[in-house]
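The values are calculated or read from the model by the stated rules, or taken from the named source; none is laboratory data. In this text, all values refer to a predicted model and were calculated from it rather than measured experimentally. When we count neighbours, we look across all protein chains shown, and the Cβ atoms used for this are built from the backbone with ideal geometry, even at glycine. These accessible areas exclude ligands, DNA and RNA; they are computed on the full protein's heavy atoms, side chains included. Shrake-Rupley method; radii C 1.70, N 1.55, O 1.52, S 1.80 Å.
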Amino acid sequence: MIMIRQISDTLSRVFSVRLLGAFAVLCLFSVLGGCIKNDLPYPKIPQYILTLAVEDEARAASLDSVSFKATVYLDETADIRNVRFSEYSFTSGATSDPDLLDGTYDLTTPIVVTLSRYQTYQWIVEAEQHISRVFEIKGQIGETSFDEVGRRVVVKVPSTENLAHLTLTDIKLGPAGITTLTPAITPGAIDLSKPLVVTVSWHDHSEDWTIYAEKSDLLVSTSQVDAWSEVIWAYGEGPADLKGGFRYRLPDSEEWTEVPESEITQTAGAFAACIAHIQPLTTYEVRAYAGENEGNIVTVTTQTAEILPDADFNEWWLKDKKIWCPWAENGTRFWDTGNTGAATLGQSNVQPSDHLPPGVTTGQSAKLETRFVGIAGIGKLAAGSIYTGEFVKVDGTNGILAFGRPWTVRPTSLSGYFDYTTAPINYASAEYEYLKGRPDSCHIYVALTDWGAPYEIRTNPKNRQLFDPTSPEIIGYGELVVGETTGGYREFKIDIKYNSTARVPRYIQITCAASKYGDFFTGGAGATLYVDQLSLGYDR
């Protein structure tokens with residue numbers, strides 16, 4: 001009993017001492033601040049909208065994760081005041097306010113979506129909707145003008161026309177199939193001696209448009225002339241019932257050259273032509289005509305025909321004994337590859353090669369190979385690619401690139417040689433799982449853009465941002481996709497289609513890839529693309 005009591009007393013004293021020590025520690029924290037502070041900052045993790053789609057969309061949404069802006073493109077028959085989102089996902093672990101899958105939204109003005117996780121990030125979600133409008137008068141001059149802001153329709157007619165007795169040939173002032181006009185207007189006789197106010201209604205929305213007819217003493221106008229390097233684009237206006245055309249000459253010449261009729265397109269009173277086989281850095285005079293009527297003379301000077309730098313891929317150097325770089329050591333970089341990323345888990349999958357096109361006896365080509373890079377089966381697919389721009393840095397096992405090189409002239413084509421060996425697609429991301437087993441495809445494309453700066457490419461699925469050929473910043477675009485083994489070099493020519501002949505580019509983007517969906521880590525290991533002797537064309 002005495003021993004048991006002594007042990008009990010000892011344990012009691014020990015417990016009391018520890019309790020007093022803990023109490024003293026708590027008192028110390030109380031004196032210092034009243035509670036224990038966690039001074040470790042929360043991690044800064046930007047939150048991104050990953051996918052976004054709406055019902056009745058005209059094309060896929062655009063997601064800009066640099067400026068945190070999402071743009072949806074609505075078909076003209078969609079109700080922009082009651083937009084319903086059909087797909088919406090964002091960075092895992094974040095919350096969204098509001099949840100775009102809940103209810104409908106009025107997108108006549110942008111809405112703000114807040115994504116939160118540790119910090120908050122505000123995304124601007126906006127909509128673009130183009131409504132095609134038509135109003136044509138028999139014998140009108142030029143194209144009808146539609147003022148979307150002032151809701152005005154202006155049509156020009158010859159000064160000899162009676163505005164009270166015009167003939168309307170076509171009209172469409174709202175979305176197809178769902179628009180009503182008050183008063184009702186159909187093709188036929190129309191009085192435009194004074195402005196005509198028409199109420200245009202669709203869905204639960206209506207707006208008033210005013211239609212004006214103006215007389216013009218100038219029957220023919222050379223309305224726009226855009227001089228490129230070896231072609232000139234000319235635009236004219238004249239009476240709709242007369243065939244329009246163009247003539248051009250050097251300023252010191254008295255003889256005009258007629259543009260072939262096959263090069264002229266005409267819609268009502270507006271007509272246009274591409275004048276080919278023009279000399280760079282040369283001044284020309286251009287004039288439109290319609291019937292016996294001639295328009296004003298416009299003087300323009302053509303641009304230079306720039307040569308694509310290092311497009312024979314003859315200059316290479318080996319960095320850190322494993323990263324092949326497609327430019328001379330200490331030289332100017334125009335092209336780059338994904339080798340910096342591939343080399344983190346393996347070797348360069350873009351390398352110089354002695355495999356040359358027919359007739360090329362010296363130099364090197366670029367060999368682009370799709371490989372799985374990793375250790376013990378852990379890694380990911382790396383598609384061989386070479387592009388105008390710069391590899392910025394590695395993002396985990398992903399890459400961040402800067403696309404584009406400064407460029408202000410407008411080529412009409414990209415030509416060169418390629419040799420492709422396809423392979424069955426054996427690696428695929430979730431969205432391209434259905435492609436497994438199919439032959440891989442190589443992809444070569446060229447784009448002229450008016451980006452304000454090199455475009456940032458990110459392949460990380462958490463904040464992915466890839467090249468979009470339908471982006472509004474793309475002025476001209478052309479591509480080649482081949483999904484078969486060529487068995488040797490083939491010559492190719494990609495025609496570049498422009499959405500504007502007046503816009504001047506700031507950057508050129510050319511990409512050659514052994515796997516079309518390589519940015520999504522989808523492709524066939526072993527697919528190999530050789531490219532060489534690339535060049536830009538400026539004539540038609």
How big is the accessible area of THR186 in square angstrom, nearest 10, if you roll a 1.4 angstrom probe over the protein chains?
100 Å²
Determine the share of the range 130-273's accessible area contributed by carbon and sulfur atoms, expressed in whole percent, with a 1.4 angstrom probe.
47 percent
Counting only helical runs of four or more DSSP H residues, what would the 222 nm mean residue ellipticity of the chain come to if each run contributes -39,500 (n - 2.57) and the total is spread over all its residues?
-2000 deg cm²/dmol
Sequence gap at least 6, Cα distance under 8 Å: using those rules, report the relative contact order of the chain to the nearest whole percent.
11 percent
Can you send over the solvent-accessible area of THR299, 1.4 Å probe, protein chains only, in Å² to the nearest 10?
90 Å²
Starting from the 7 Å offset along Cα-to-Cβ, what nm value, one decimal, do you get for the label separation of VAL149 and GLN224?
1.8 nm
Could you give the length gained by full extension between LYS69 and GLU263, i.e. 0.36 nm per residue of separation minus their alpha carbon distance, to one decimal place?
65.7 nm
For volume of the Cα convex hull per residue in Å³, several values are listed as (i) 190; (ii) 279; (iii) 159; flag the one computed from this structure.
(ii)
Among the range 221-262, those whose backbone N falls under 15 Å of a label point 7 Å along Cα→Cβ from ASP495 are 262
I'd like the accessible area for ARG405, computed on protein heavy atoms only with a 1.4 Å probe and all protein chains in place. Round to 10 Å², please.
40 Å²
Using a simple spin-label model with points 7 Å from Cα along the Cα→Cβ vector, what separation in nm is obtained for ALA402 and LEU318?
2.8 nm
Which lysines have a Cα less than 17 Å from the Cα of LYS493, not counting those fewer than 8 places away in the same chain?
none
Can you find, among GLY245, LEU166, THR485, the residue farthest towards the positive end of the dipole of the chain? Put +1 on the C-beta of Lys and Arg, -1 on that of Asp and Glu.
THR485
What is the angle, in °, between the Cα long axis of helix 2-32 and the longest principal axis of the Cα atoms in the chain? Nearest 10 is fine, range 0 to 90.
30 degrees
Of the listed pairs LYS462/LYS516; LYS69/LYS367; LYS319/LYS462, which have alpha-carbon separations greater than 27 Å here?
LYS69/LYS367; LYS319/LYS462
Farthest toward positive dipole pole in the range 282-340 [+1 Lys/Arg, -1 Asp/Glu at C-beta], among THR304, ASN339, TRP327:
ASN339
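Could you give the length gained on full extension between SER159 and ARG81, defined as 0.36 nm per residue of separation minus the Cα-Cα distance, in nm?
23.8 nm
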Dipole magnitude of the chain about its Cα centre, charges +1 at Lys/Arg Cβ and -1 at Asp/Glu Cβ only, in debye to the nearest 20?
2740 debye
Rounded to one decimal in nm, the spacing of the 7 Å Cα→Cβ label points at GLU126 and ARG333 is 3.3 nm
With θ set to phi - 60°, apply the Karplus curve 6.51 cos²θ - 1.76 cosθ + 1.60 along the range 346-361 and write out the HN-Hα couplings as whole Hz, x wherever there is a Gly or Pro.
x, 10, 4, 9, 10, 9, x, 9, 8, 7, 10, x, x, x, 9, 9
For ILE137, other-chain or 5+-apart residues with amide H closer than 5 Å (H placed, Pro excluded) are THR169
With R₀ set to 25 angstrom, the calculated FRET efficiency between the beta-carbons of ILE178 and ALA53, to the nearest 0.05, is 0.70
Compute, for the range 418-534, the length of the dipole vector about the Cα centre, with Cβ point charges of +1 (Lys, Arg) and -1 (Asp, Glu) only. Units Debye, rounded to 20.
180 debye
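What percent does the relative contact order of the range 195-328 come to when contacts are Cα pairs within less than 8 Å and at least six residues apart?
It rounds to 23 percent for the range 195-328.
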So what's the gap between the Cα centers of the range 396-474 and the range 214-253, to the nearest angstrom?
38 Å
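Quote the relative contact order of the range 405-478 in percent (integer), defining contacts as alpha-carbon pairs under 8 Å separated by 6+ residues.
27 percent
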Vicinal HN-Hα couplings computed from phi for the range 463-475 (Karplus, 6.51 cos²θ - 1.76 cosθ + 1.60; Hz; Gly/Pro x)
9, 4, 9, 10, 5, 10, x, 9, 4, x, 7, 7, 8
Give, as a single signed number, the net charge of other residues whose beta carbon lies under 13 Å from the beta carbon of VAL153, with Lys and Arg counted +1 and Asp and Glu -1.
-3
With a 1.4 Å probe and every protein chain left in place, work out the accessible area per residue of the chain in Å², rounded to a whole number.
51 Å²
